[in-house]
């Protein structure tokens, strides 16, 4: 039986594995986690709108009907493309295991880049992982708790200041959610502080929020953010981050913002596996560390090795680092493996949506710009449709319906003390 090894259980890897449901293929899926994470909704876990189990699904459960698929909880450590082997570090029992393949498909995703200041990661949390979302939820909720017992006004203000770095879709969505949490969900629950006095600062080095959108939609998003109380700081770069605040620079002037909670949603870099794979193949990487692949999504000189998703840059085809791209690439890779074909990948852009708050959103659907409630309703429908697992769809839809009526957020449990 032809042996297929898929590395990465994110959008691309899971869709590729699901598409290989053929009895004459022996498929092994390798991932560091035992679950698939619906990462576009991680920020809702961080702000107490959703519980972690509602956006995560065990990989074995997601693939239980694929009798030809074997799931391995492990981490790819080395590639030997001449011998057609992958060395996998076993995360369950320890030690290394060597997997032999006829076809290799790698979709290891990406991580946030701190622009050479990795020490900032200790103080500015990320949202690429479930652990990051849960840590950030604790940070946000603990900030309100600390402010409630802080007698010093300046220190209390620092606890109630939230800085989100990066005004892309994730940063915009995160800033809007924190503002709604402080304005709608918490005021009736605290007796000392007025949570509505919380400041949410959205720091962006560029001239506008949602730079990948049109200027009209970008301006609409900025207005909607301000209506929630978010303060966009445009043309402002972060030059320092520590436990007590951030230092920013704008117009050649530096100033300090005292803020105990910082969220990093700025640049991204490819998974380290991209560099590892490129080195094994003698392939190039781009400035973001992504391995450069052909339009067929294969490595140069290695038609049996696919690389796709956020870790790969398709030669001559700039693509956004969003879930629909990885999903379409995953399906394309599955078809290529099933049919033995190597056809160019074609991305079908169905649009993009970013939610800002309840009934507030912007986006483009089939080149038609939409804003406000219409965009928000479309965003809800798209995310419910693509959420993996029927039970998760029901739970999330129910949770959102309840929150719409009550403006409540019940997933606000602090795990770390």
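Let me know the shape class of region 1-130, please: from the alpha-carbon gyration tensor, a ≥ b ≥ c as square roots of the eigenvalues, rounded when a/c is under 1.5, otherwise prolate if a/b is greater than b/c, or oblate.
oblate
Report the Stokes-Einstein translational diffusion coefficient (µm² s⁻¹, integer) for region 118-266, Rh taken as the Kirkwood radius over Cα pairs, at 4 °C with viscosity 1.567 mPa s. Could the numbers behind the result be given before it?
On the way: Rh = 15.5 Å.
The Stokes-Einstein estimate is 84 µm²/s.
Would you mind ranking 264, 376 so that the residue whose beta carbon has the fewest other beta carbons within 10 Å leads the list?
Listed from fewest to most nearby Cβ atoms, that is 376, 264.
Per residue, what volume in Å³ does the Cα convex hull of region 217-326 take up?
168 Å³
Write down the percent of antiparallel bridges among all DSSP beta bridges whose residues are both part of region 118-266, to the nearest 5.
If I count the DSSP bridges inside region 118-266, around 40 percent turn out antiparallel.
At 7 Å along the Cα-to-beta-carbon direction for both residue 196 and residue 119, put a label point, then send me their distance in nm to one decimal.
Label-label distance for residue 196 and residue 119, simple model: 4.2 nm.
Would you mind computing, in nm to one decimal, how far apart the modelled labels at residue 23 and residue 253 are, each placed 7 Å from Cα along Cα→Cβ?
Once both label points are built, they end up 7.4 nm from each other.
Please order 47, 28 by the number of other Cβ within 10 Å, starting at the fewest.
Result, fewest neighbours first: 28, 47.
Report, as a whole number in µm² per second, the diffusion coefficient that Stokes-Einstein gives for region 241-288 at 4 °C and 1.567 mPa s using the Kirkwood radius over alpha carbon pairs. If you can, show how the numbers build up before the last one.
Numbers: Rh = 14.0 Å.
Rounded to a whole number, D works out at 93 µm²/s.
How big is region 325-364 on each of its three principal axes, counting only the C-alpha atoms and giving the largest first in Å?
46, 14, 9
Using the basic label-point model (7 angstrom from Cα toward the beta carbon), what is the residue 82 to residue 397 distance in nanometres?
Simple spin-label model gives 5.5 nm for this pair.
Rounded to the nearest 0.05, what FRET efficiency is calculated for residue 154 and residue 288 with R0 set to 45 Å and r the Cβ-Cβ distance?
Once the sixth-power term is evaluated, E becomes 0.70.
Which of the peptides 90-102, 195-207, 139-151 is most tightly packed, and how do the rest follow, judged by the mean count of other Cβ atoms within 10 Å per residue?
Highest-to-lowest ranking by the protection proxy: 195-207, 139-151, 90-102.
Checking the a/c ratio against 1.5 first, then a/b against b/c, what shape does the Cα gyration tensor give for region 32-99?
Here region 32-99 falls in the prolate category.
Can I get the semi-axes of the chain's equivalent ellipsoid? Compute them from the C-alpha gyration tensor as square roots of 5 times the eigenvalues, in angstrom, largest first.
Computed over the chain, the values are 38, 22, 21 Å.
Only counting other Cβ atoms within 10 Å, I'd like 400, 379 sorted with the fewest neighbours first.
With the sparsest Cβ surroundings first, the list reads 400, 379.
Quick one: Cα convex hull volume of region 120-200, Å³ per residue?
Once divided by residue count, the hull of region 120-200 is 97 Å³.
Values in this text are rule-based calculations from the coordinates and carry no lab data. If you're wondering where the values come from, they're calculated on a predicted model, not measured in any experiment. Neighbour counts run over all protein chains shown; Cβ positions are idealised from the backbone, glycine included.
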